[in-house]
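The values are calculated or read from the model by the stated rules, or taken from the named source; none is laboratory data. This is a predicted model, so every value here is computed, not measured. Every residue, glycine among them, receives a Cβ derived from its backbone with ideal geometry; neighbour counts consider all protein chains shown. We work out accessible area using only protein heavy atoms, side chains counted, and drop any ligands, DNA or RNA first. Shrake-Rupley method; radii C 1.70, N 1.55, O 1.52, S 1.80 Å.
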Amino acid sequence: MLNKGKHRRPSKAVRIATLAGVAGAAVAVPMMGATSASAASVATWDKVAQCESGGNWSINTGNGYYGGLQFSNSSWAAAGGTQYAARADLATKAQQIAAAEKLLAIQGPGAWSCAGAGNLTAGGPSPDLDTSTKAEVKKAQPAPKQTQPAPKQEQAPKQEKAKPAPQKPHGHGNYTVKSGDTLAKIAKAHGTTWKSVYANNKSVIGGNPNLIFPGQQLSI
């Protein structure tokens with residue numbers, strides 16, 4: 001037998017009936033609905049839970065009522081809820097609704113003071129519930145790593161060895177060019193013209209008469 005009274009705190013109407021001395025007004029009807037279907041949709045239970053607990057299916061405020069539909073421990077046990085968890089707030093939403101369906105069949109909508117807020121009635125459609133404690137959660141499979149070939153390292157271009165500057169021919173003349181010399185200076189020192197010196201030593205000097213190097217031997 002269930003404990004006397006609803007699983008929740010008695011509604012105002014129940015309290016008035018009790019004070020008036022109406023015997024059994026707050027007593028659950030034994031096995032009410034045992035032979036007739038009593039069910040409500042999940043949407044209906046959501047509305048009832050919204051009124052009862054603000055829609056918090058894991059609530060435990062320490063007032064002796066637990067979960068979204070505010071079960072007392074005695075009502076939770078009477079409705080078979082202990083097969084899911086020790087208290088209603090420790091059970092899943094689907095498990096709480098499954099227990100509420102059984103309590104609805106036993107006590108009727110009056111077991112909840114917020115039955116009117118959710119238009120809770122007996123004899124509604126049975127909700128489709130998954131009361132399994134282990135919900136299958138597909139772990140996101142990591143995307144296969146694409147093995148990309150390592151980028152080829154570009155080889156630094158081979159540095160060509162600097163070619164030594166071509167050696168200017170030194171010649172076999174009677175005058176050795178010194179640092180600071182010019183054809184004009186050399187020609188003046190020897191009483192001639194730079195054109196004459198250049199003409200005699202063109203094979204040694206090259207194509208630029210202004211470019212001579214120390215060590216070159218010129219014929220004067």
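Quick one: which residues, 5+ away or cross-chain, put their amide H under 5 Å from the amide H of Thr176? H built at 1.01 Å from N.
Leu218
Give me the net charge for the shell around Val197: Cβ to Cβ below 13 angstrom, other residues only, Lys and Arg +1, Asp and Glu -1. Intermediate values should be presented prior to the final figure.
Numbers: positive: Lys185, Lys188, Lys195, Lys202; negative: Asp181.
Once all neighbours under 13 Å are counted, the net charge is +3.
Which order do you get for Trp76, Trp194, Trp57 if you rank them by accessible area with a 1.4 Å probe, largest at the top? Intermediate results must be reported in sequence, preceding the final value.
Working: Trp76 0, Trp194 105, Trp57 35 Å².
Sorted descending by solvent-accessible area, the residues read Trp194, Trp57, Trp76.
Taking the simple approach of a point 7 Å from Cα along Cα-to-Cβ for both Thr193 and Gln50, what is their distance in nm?
It works out to 11.8 nm between the two label points.
Starting from the Cα-Cα distance between Thr61 and Lys185, subtract it from 0.36 nm times their residue separation and give me the gain in nm to one decimal. Please list the in-between numbers first.
Details: separation 124, 0.36 × 124 = 44.64 nm, distance 11.37 nm.
Using 0.36 nm per residue and subtracting the Cα-Cα distance, I get 33.3 nm.
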